[in-house]
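One structure is given here, and the rest of the page talks about it.
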Amino acid sequence: MQGPSTIMDTSAGSVSRIECVVNFPNRGEALVSFYRHLAPLSVNATLRILPLSSRIIVQPGMRSIFTPLKVGVEKPKTSLRKGDIALLASGGLICIFVQEAKSERPLNPLGVVDSGIDLIEGAGPGDTIRLSLKSVSLG
């Protein structure tokens, strides 16, 4: 079985990896990657609703945002690490973990935080964010 670092290969040109930006107005931005192979239906559904602006929900060990997503449980995980991004299918919440956690409810894995976890960790109740695809510059 492969370890987490080999599963999350971030080599250039991957068709599975989709780079996105989490923008915190007046504070900066975090870079995140979604991986289609983790939960293809959930990742594709998430990408279809981008860009998404929402308020942060602060919970112990994680920060969440409400989405209109309606998907079922797909390749569920209950143990998550700091920097993991997952979808709570039952509530349509995208959850970003700021510490290791175990969940009583299954979450669909979506991806990881590449940089800026400190911005996410420092987010307060009611802070707004904008999640969008990362712009690709050609040439």
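The requirement of being aliphatic (A, V, I, L, M) and in contact with a Pro (Cβ under 6 Å, 6 or more places away or on another chain) is fulfilled nowhere in the range 98-121; no residue meets it. How many residues are in contact with a Gly (Cβ under 9 Å, 6 or more places away or on another chain) and either under 23 Å from Ser16 (Cβ atoms) or crowded, with 19+ Cβ neighbours inside 10 Å (or both) when one looks only at the range 83-100? Of the residues in the range 83-100, 7 are in contact with a Gly (Cβ under 9 Å, 6 or more places away or on another chain) and either under 23 Å from Ser16 (Cβ atoms) or crowded, with 19+ Cβ neighbours inside 10 Å (or both). Residue selection: Asp118 satisfies the criterion of being surrounded by fewer than 22 Cβ atoms within 10 Å (Cβ to Cβ) and modelled with pLDDT of 95 or more. Evaluating Ser54 against the criteria (1) surrounded by 13 or more Cβ atoms within 10 Å (Cβ to Cβ); (2) free of Cβ contacts under 8 Å to residues at least 60 places away in the same chain; (3) assigned to a strand (DSSP E or B) leaves one unmet condition, (2).
Criterion applied to Thr128, Thr78 was being within 20 Å of Ser53 (Cβ to Cβ), among the β-branched types (Val, Ile, Thr) and in contact (Cβ under 8 Å) with a residue 24 or more places away in the chain, and the one residue passing it is Thr128.
Give the residue that is farthest from Gly91 (Cα to Cα), with candidates limited to residues of the range 27-51 that are touching a Phe, Trp or Tyr at 6+ places or on another chain (Cβ under 9 Å) and among the hydrophobic types (A, V, I, L, M, F, W, C). The residue in question is Ala30.
The values are calculated or read from the model by the stated rules, or taken from the named source; none is laboratory data. Bear in mind the structure is a predicted one, so any value in this text is a computation, not a measurement. In this analysis, Cβ positions are derived from the backbone assuming ideal geometry, glycine residues included, and neighbour counts consider all displayed protein chains.
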